[in-house]
Amino acid sequence: MRYWLVKSEPDVYSIDDLARDGSTSWDGVRNYQARNFMRDDMRVGDLVLFYHSNAAPPGVVGVAEVSREAHPDLLALDPRSDYFDPRATKDDPRWWMVDIAYRAHLPRPLSLQALRDAPELEGMLVTTKSRLSVQPVDPAHFAAVCKLGGLQWLAG
């Protein structure tokens, strides 16, 4: 099993939206490295930290699970979509997405500053200047975030 962090602006799609919907496709990712993580590495059952970006404050607010492995992001083929890519075709979709399912809210959401201040999270990618919307998380960091956020059942 691998662990991940995905970022979303809460006014676009929040952890509350995911809890309400149960699951969603993680579409619209237009960074090649993030796309490659989804396409090549994310597997059903992998756990995901849900991070609210561009929020006050930004931080980890919940946990999800990969519920469907990579499949073409069809928004790339839709000229009406903000995520349309004229270079994408059915035979070469260029962009991929996974589906994630809701697991839990963090009882104590962890702000970016709290993540940076926790010695056990030193080196966690999100605490650096990384702007990746999909990024890997070390298993020890995942467990520490869950513990600090009050999710003992996921903290190992």
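Odds and ends about this structure:
- Each of PHE84, PHE50, PHE142 was scored by other Cβ atoms within 10 Å of its Cβ. Arranged with the fewest first, they read PHE84, PHE142, PHE50.
- Close amide H partners of LEU151, meaning residues 5 or more places away or on another chain with modelled amide H under 5 Å apart, do not exist here.
- Charged side chains reduced to their Cβ positions (Lys and Arg at +1, Asp and Glu at -1) give region 3-154 a dipole of some 200 debye around its Cα centre.
- Each of ARG43 and GLU9 was given a label point 7 Å from its Cα along the Cα-to-Cβ line. The distance between the two points is 3.5 nm.
- Extension gain from ASP85 to LEU125, taking 0.36 nm per residue of separation minus the Cα-Cα distance: 11.6 nm
- The string of couplings for region 12-21 from the Karplus curve (6.51, -1.76, 1.60, θ = phi - 60°) is 9, 7, 10, 4, 5, 4, 5, 4, 5, 7 Hz, one whole number per residue in order, with x for Gly and Pro.
- Order of HIS141, HIS71, HIS105 under a 10 Å beta carbon neighbour criterion, fewest first: HIS71, HIS105, HIS141
- The string of couplings for region 57-66 from the Karplus curve (6.51, -1.76, 1.60, θ = phi - 60°) is x, x, x, 7, 10, x, 10, 10, 9, 5 Hz, one whole number per residue in order, with x for Gly and Pro.
- Backbone phi angles across region 127-141, fed through the Karplus curve with coefficients 6.51, -1.76 and 1.60 (θ = phi - 60°), yield HN-Hα couplings of 7, 8, 7, 4, 10, 4, 7, 9, 8, x, 10, 5, x, 5, 5 Hz in residue order; Gly and Pro are listed as x.
- Mean shadow area of the chain, taken as a quarter of the surface of its Cα convex hull (nm²): 8.9 nm²
- Once backbone amide H atoms are built at 1.01 Å from N, MET97 has HIS71, ASP73 as its partners under 5 Å, excluding neighbours fewer than 5 places away on the same chain.
- Likely footprinting exposure, MET97, MET38, fewest C-beta neighbours within 10 Å first: MET38, MET97
- Once backbone amide H atoms are built at 1.01 Å from N, TRP4 has LEU47, VAL48, LEU49, VAL137 as its partners under 5 Å, excluding neighbours fewer than 5 places away on the same chain.
- Under 15 Å of direct C-alpha separation, and excluding same-chain neighbours fewer than eight residues apart, LYS7 reaches these aspartates and glutamates: ASP16, ASP17, ASP27, GLU65, ASP99.
Rule-based calculations on the coordinates, nothing more; no lab input. All figures in this text were calculated on a predicted structure; none of them were measured in a lab. When we count neighbours, we look across all protein chains shown, and the Cβ atoms used for this are built from the backbone with ideal geometry, even at glycine.
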